[in-house]
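Peer 1: Shown below is the structure under consideration.
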Amino acid sequence: RCVVLRFLKSPPNQNKTSEEILHHLQNIVDFGKHVMKQFFGENYVHHGEIIQLPLDFVRQLCLKIQPERPESRCDKDMDTLSGYAMCLPNLTRLQTYRFVEHRPILCIEIKPKCGFIPFSSHVSQEIKHKVCRYCMHQHLKVANGKWKRPSKYCPLDLFSGNKQRMHFALKSLLQEAQNNLKIFKNGELIYGCKDDQDCVSDWNELARHLKPFFFPSNGLVSGPHCTRTIVKELIHVITMTLLSSTDACRAGDMKTVPISQGRSYCEASAFNKELVRNGKHKSESSGLPRGCLLYKTLQAQMLDMLDIEGLYPLYSRVEQYLEEFPEERSTLQIDGPYNEAFYEKLLDLSTEDDGTVAFALTKVQQYRIAMTAKDCSIMIALSPCLQDECSEQRPVVLTSKSRFTFSVSVLDLDLKPYESIPHQYKLDGKIVNYYLKNVQAKDDPVMSSLFKENEDCTLVLHKV
């Protein structure tokens, strides 16, 4: 039936009751249905439904998939006691049309990350107004051994709407996929990391898989030229689908955050550095079409209007209130229910702090939505279609030798936990401090000499 089953996982010896598991899953479904659908639009969000399965089936399934699970994920156990699971459409398949089920299907999964630079006046380090979070975090991740090399991908290039910058961003993702890009063929992963391991990107192997999609008549010779051409076609198709709007409805009654508030390029972006090196002007963003999924994603991300530095004191205000009145936690809807009333409260975009708990809580909940949007994944499913099949109702994207019908969806839309805010605050400080000390200092000769450690230095005091 082309569906996916999703089970809750929890650390060993932390077994929840069946009621708690059902409640948790219900919250996930409601959040997708009543909140994220409003931000992203009907066609893009698939919230799924809760089903109950025979326990014997669940246990057998658990045993079968255990050897397949990446090592880093095995610190949590799959829930085999409640029998509850979420049933979702398989987004590596086309969502819209059944007629192509027998056709080969290509699916590209992209985790675009945060597409803007903080514009909040609460930001304490000037560097945060110049270099995006993703580019700074890359250096810390490489230092901690999570990745071997930093990626040249910068989310601001992808979200710019400028085709040249988008092509550069997608090419960088294909070169260094990390966990930001995966490609599936008929539901099987053919490109990208299964886990946090180091993946050597083999474009020739990828081109071999993709050739029948882009050059069905096999008219192209093999070799590096062929590989480059196929990768170029792939990038073109991804760009066109990301800029397309397959959803008639505008996202809810969300008042939009003006995108122009932040700067539209990141100083650390490899694309930007290349322009500077060649003495060219910075290419401004062409802007995203309002209906496209990238635009809606960016709008949701920009609900983080205060930055974590401006938000943390508000989180502390809510915490203090909860310490005094713990029974208020459910009234404040911190852990749900995620219904229309919860969504309504998110629409207040004022940044004037009136000192109330209500204001603080609204900003905290908006921040959690923004964090969810910064971590979501976009799935683009493509299937070749013949000329006569491509009627008006179906979105179609063309390449030099073929045409595809496609569907675009968004997933990984679980609301980020309220409790994770202190961790985000600490992590933000770590990322910025590491970048200032180890990256920017090396680029700046004055700073570099200040940061040279373990060297004798003489302090000369002049009489004033």
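Peer 1: Quick one: compute the contact order of the range 1-89, relative version, from alpha carbon pairs under 8 angstrom and 6+ residues apart, as a percent. Mind showing how you got there, number by number?
Peer 2: On the way: 98 pairs, mean separation 48.2, N = 89.
Answer for the range 1-89 is 54 percent.
Peer 1: Report the Cα-based extents of the range 1-89 along its three principal axes, largest first, to the nearest Å.
Peer 2: Reported extents, whole Å, longest axis first: 37, 27, 27.
Peer 1: Still on this structure, please answer the following. What's the carbon and sulfur percent of the range 312-411's accessible surface, probe 1.4 angstrom, rounded to a whole number? Don't jump to the answer; show the numbers that get you there.
Peer 2: Details: 2340 of 4520 Å².
Exposed carbon and sulfur together represent 52 percent of the surface.
Peer 1: Search the structure for amide H atoms under 5 Å from the amide H of residue 385, placed 1.01 Å from N in the peptide plane, and list their residues when 5 or more places away or on another chain.
Peer 2: Correct list: 403, 404, 405.
Peer 1: Right, another one. Counting pairs of alpha carbon atoms under 8 Å apart in space and at least six apart in sequence, what relative contact order in percent does the range 264-361 give? Don't skip to the answer; put the middle values down first.
Peer 2: Details: 37 pairs, mean separation 21.6, N = 98.
Reported relative contact order: 22 percent.
Peer 1: Please tell me which of these pairs span more than 30 angstrom C-alpha to C-alpha: 16/128; 64/430; 146/401; 9/426; 152/430? Don't jump to the answer; show the numbers that get you there.
Peer 2: Numbers: 16/128 41 Å; 64/430 40 Å; 146/401 40 Å; 9/426 26 Å; 152/430 21 Å.
Table pairs above 30 Å Cα-Cα are 16/128; 64/430; 146/401.
Peer 1: If each residue of separation counts as 0.36 nm, what is the full-extension length gain between residue 425 and residue 50 once their alpha-carbon separation is subtracted? Provide the component values of the computation, followed by the final result.
Peer 2: On the way: separation 375, 0.36 × 375 = 135.00 nm, distance 3.40 nm.
Stretched fully, the residue 425-residue 50 segment lengthens by 131.6 nm.
Peer 1: Roughly how big is the range 1-89's charge dipole about its Cα centre, with Cβ charges of +1 (Lys, Arg) and -1 (Asp, Glu), in debye to the nearest 20? Walk me through the numbers before you get to the answer.
Peer 2: Values: 11 positive and 11 negative charges, 38 e Å.
The dipole of the range 1-89 has a size of about 180 debye.
Peer 1: Carbon and sulfur atoms: what percent of the 1.4 Å accessible area of the range 4-86 do they account for?
Peer 2: Working: 2450 of 4930 Å².
Accessible surface attributable to carbon and sulfur in the range 4-86 totals 50 percent.
Peer 1: Also, I was wondering about something else. Please report the carbon-and-sulfur percent of the accessible area for the range 113-170; probe 1.4 Å, protein heavy atoms only, DNA, RNA and ligands left out.
Peer 2: Details: 1130 of 2310 Å².
Whole-percent figure for carbon plus sulfur exposure: 49.
Peer 1: If you count only protein heavy atoms and use a 1.4 Å probe, how large is the accessible surface of residue 329, to the nearest 10 Å²?
Peer 2: Probe radius 1.4 Å; accessible area of residue 329 about 70 Å².
Peer 1: Distance between Cα centroids, the range 25-80 to the range 129-167: provide it in whole Å.
Peer 2: 29
Peer 1: Accessible area per residue of the range 1-89 at 1.4 Å probe, in Å²?
Peer 2: Numbers: 5360 Å² over 89 residues.
Solvent-accessible surface per residue comes out at 60 Å².
The values are calculated or read from the model by the stated rules, or taken from the named source; none is laboratory data. Bear in mind the structure is a predicted one, so any value in this text is a computation, not a measurement. Note that we place each Cβ from the backbone using ideal geometry, even for glycine, and neighbour counts take in every protein chain shown. SASA here: full protein model, heavy atoms, side chains in, ligands and nucleic acids out. Shrake-Rupley method; radii C 1.70, N 1.55, O 1.52, S 1.80 Å.
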